[in-house]
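Trainee: The structure follows.
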Amino acid sequence: MNGTPDLSPLGLPRPELEQLFSGLGEKPFRARQLMRWMYGRGVLDPAEMTDLSGVLRETLATRGDFRLPAIDTVQESSDGTTKWRLAVGAGQLIETVFIPEEARGTLCVSSQVGCALDCSFCATGRQGFNRNLTAAEIIGQVVLADRALGRVAGNSRITNVVFMGMGEPLANFRSVVQACAVLIDDLGFQISRRRVTVSTSGLVPQIRKLALESNAALAVSLHAPDDELRNVLVPINRRHPIAELLQACWDYAESTNAMGITFEYVMLSGVNDSEAQARALAKLLKNRPAKVNLIPFNHFPGSDYRRSTPDALARFRQVLLDNRIMTMVRRTRGDDIAAACGQLAGQVSNRVLVALGDKGRKPAPGPALREVRWQN
Ligand code: SAH
Ligand code: SF4
């Protein structure tokens, strides 16, 4: 058969892949074999999948779509961080970042081309939004990085995956849940669920849905201790204010038996970094299953925000520690190649306008706007 491939096995969770195979008249164990090839060995060419029948190899070769995003550029930071710019068609570029540390290697993946949520301190938000990535494009980032990084004694250098690249993962719910399943599966990337982290700016209904469909670790971008400020920094707060968001977090921690929720807090000089604000934050999180990750603001062209001073950061952290809240300061990695948190911009052409409801903020104007609604 010639023509466009109509089977997309990459990124499909095991039950769905088994269904795809049963549609081809194949036994479920074929799905397991294919997963071992794709994720265990990084092999995407059906011709090399020697334990599949000749007929199945032929079917997959003609009808299967195993394409990975195309590498546009690769940059390596002086601190060992690697950033890939990947082309996903129609002039759109996304970014994926690998951050090596002594005991682990974290891959930061993108979930959307751009982001519609327009947080005022974020380069991705500045870019606007074009579209959701498919599960194949999300898992494709992992396969591609895994291949490029090489394995050590047969083990992947990727021990953790965080959805902290471009995009709001919970606005692309279905594909992100599928990708999480593949990351965690023993026949997928075999990453413990505690090492797969979905980071959200606070889409409350989707947090509640995630608790039913996945048990990945949850990180929440809080960034302010009161609604007045959070409305400005994270506009989705106007729809889902802090009290509602935190209740969803505590429920998530309880129902998924999670170790706790990580709260991300970008440190913006003179905006959200006072000791009074630290005390207000402590009040919200005290005696809860919460830890805090303070992120020094990473500057990007066109932003007026400034990073908090080391002194302000230390004082803020001390208030939280005094309240027995585990608080880390995120080390800035890869900022010389614009790979640090919030610096990912990729290339978002042909931006679309996303309906955020009455209280949502209007997205930045862009050429050729067409309206889409949240998926799911
Ligand atoms: N959309 C998701 C995940 C991607 S952003 C979210 O908002 O959670 C990953 C983290 O980087 C978030 O906590 C985000 O708020 C933070 N961030 C965004 N811009 C930043 C910047 N310029 N400097 C530091 N952190 C930033
Ligand atoms: Fe989107 Fe997250 Fe950036 Fe906000 S911080 S604009 S939700 S990517």
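The values are calculated or read from the model by the stated rules, or taken from the named source; none is laboratory data. Here the structure is a predicted model, which means the values were calculated and not measured. Every residue, glycine among them, receives a Cβ derived from its backbone with ideal geometry; neighbour counts consider all protein chains shown. When the accessible area is computed, the model is the full protein with side chains, heavy atoms only, and any ligands, DNA or RNA have been set aside. Shrake-Rupley method; radii C 1.70, N 1.55, O 1.52, S 1.80 Å.
To keep it simple, each residue is scored yes or no on (1) surrounded by fewer than 18 Cβ atoms within 10 Å (Cβ to Cβ); (2) away from ligand 1 (no atom under 15 Å from the Cβ); (3) on the phi > 0 side of the Ramachandran plot.
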residue: GLU264; (1), (2), (3): no, no, no
residue: ASN272; (1), (2), (3): no, no, no
residue: GLU275; (1), (2), (3): yes, yes, no
residue: LEU281; (1), (2), (3): no, no, no
residue: LEU285; (1), (2), (3): no, yes, no
residue: ARG306; (1), (2), (3): yes, no, no
residue: ALA314; (1), (2), (3): yes, yes, no
residue: ARG317; (1), (2), (3): no, yes, no
residue: LEU321; (1), (2), (3): yes, yes, no
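Trainee: Still on this structure, I have one more. Yes or no: the stretch 106-121 includes at least one residue that is under 15 Å from the mean Cα position of the chain (by Cα), assigned by TED's automatic domain parsing to the domain that holds GLU168 and surrounded by fewer than 22 Cβ atoms within 10 Å (Cβ to Cβ). Step through it out loud before you land on a result.
Mentor: If we filter the stretch 106-121 for residues that are under 15 Å from the mean Cα position of the chain (by Cα), which is where we start, we get 106-117.
From the residues that got through so far, the ones that are assigned by TED's automatic domain parsing to the domain that holds GLU168 too are 106-117.
Filter again for surrounded by fewer than 22 Cβ atoms within 10 Å (Cβ to Cβ), leaving 106.
Yes, there is a match, as at least one residue in the stretch 106-121 is under 15 Å from the mean Cα position of the chain (by Cα), assigned by TED's automatic domain parsing to the domain that holds GLU168 and surrounded by fewer than 22 Cβ atoms within 10 Å (Cβ to Cβ).
Trainee: Could you please let me know if ASN155 is modelled with pLDDT under 95 and either away from ligand 2 (no atom under 16 Å from the Cβ) or not small (Gly, Ala, Ser) (or both)? Full working, then the answer.
Mentor: Values: modelled with pLDDT under 95: yes; either away from ligand 2 (no atom under 16 Å from the Cβ) or not small (Gly, Ala, Ser) (or both): yes.
Yes.
Trainee: Here's another thing I want to ask about it. Filter the stretch 138-162 down to residues that are under 14 Å from GLY11 (Cβ atoms) and within 12 Å of the chain's Cα centre (by Cα) and give me whichever is surrounded by the fewest Cβ atoms within 10 Å (Cβ to Cβ).
Mentor: This residue is VAL142.
Trainee: Against the condition at pLDDT 95 or above and closer than 22 Å to SER110 by Cα, how does ASP65 come out, does it pass?
Mentor: Considered against the rule, which asks whether it is at pLDDT 95 or above and closer than 22 Å to SER110 by Cα, ASP65 comes out as yes.
Trainee: Quick one: is CYS122 within 13 Å of ligand 2 (Cβ to nearest atom) and under 17 Å from ALA87 (Cα atoms)? Let's see the steps before the verdict.
Mentor: On the way: within 13 Å of ligand 2 (Cβ to nearest atom): yes; under 17 Å from ALA87 (Cα atoms): no.
Judged against the criteria, CYS122 is not a match.
Trainee: Please determine whether any residue of the stretch 239-262 is within 16 Å of ligand 2 (Cβ to nearest atom), over 16 Å from LEU294 (Cα atoms), touching an Asp or Glu at 6+ places or on another chain (Cβ under 9 Å) and open to solvent by less than 20 Å² (accessible area, probe 1.4 Å).
Mentor: Taking every residue of the stretch 239-262 in turn, at least one turns out to be within 16 Å of ligand 2 (Cβ to nearest atom), over 16 Å from LEU294 (Cα atoms), touching an Asp or Glu at 6+ places or on another chain (Cβ under 9 Å) and open to solvent by less than 20 Å² (accessible area, probe 1.4 Å).
Trainee: Given the criteria more than 21 Å from THR197 (Cβ to Cβ), in contact with a Ser or Thr (Cβ under 7 Å, 6 or more places away or on another chain) and not hydrophobic (A, V, I, L, M, F, W, C), does SER308 qualify? Full working, then the answer.
Mentor: On the way: more than 21 Å from THR197 (Cβ to Cβ): yes; in contact with a Ser or Thr (Cβ under 7 Å, 6 or more places away or on another chain): yes; not hydrophobic (A, V, I, L, M, F, W, C): yes.
Yes; evaluated as a whole, the condition is true for this residue.
Trainee: Take ARG126 and tell me if it is within 13 Å of ligand 1 (Cβ to nearest atom) and either assigned by TED's automatic domain parsing to the domain that holds ARG238 or over 15 Å from SER199 (Cα atoms) (or both).
Mentor: The answer is yes for ARG126.
Trainee: What are the residues in the stretch 87-115 that are in contact with a Pro (Cβ under 6 Å, 6 or more places away or on another chain) and within 11 Å of ligand 1 (Cβ to nearest atom), if any? Reasoning before the result, please.
Mentor: If we filter the stretch 87-115 for residues that are in contact with a Pro (Cβ under 6 Å, 6 or more places away or on another chain), which is where we start, we get 88, 111.
Answer for the stretch 87-115, where residues must be in contact with a Pro (Cβ under 6 Å, 6 or more places away or on another chain) and within 11 Å of ligand 1 (Cβ to nearest atom): just SER111.
Trainee: Restricting the search to the stretch 200-252, which residues are farther than 30 Å from SER303 by Cα and either touching a Gly at 6+ places or on another chain (Cβ under 6 Å) or β-branched (Val, Ile, Thr) (or both)?
Mentor: none
Trainee: Give me the pairs: first residue in the stretch 240-268 and modelled with pLDDT of 95 or more, second residue in a loop (DSSP other than H, G, I, E, B) and acidic (Asp, Glu), beta-carbon distance under 6 Å, and six or more apart or on different chains, which are they?
Mentor: Hits for this filter: MET267/ASP273.
Trainee: A further question on this structure: Among the residues of the stretch 163-186, how many are buried (at least 24 other Cβ atoms within 10 Å of the Cβ) and over 13 Å from the mean Cα position of the chain (by Cα)?
Mentor: Qualifying residue count for the region: 1.
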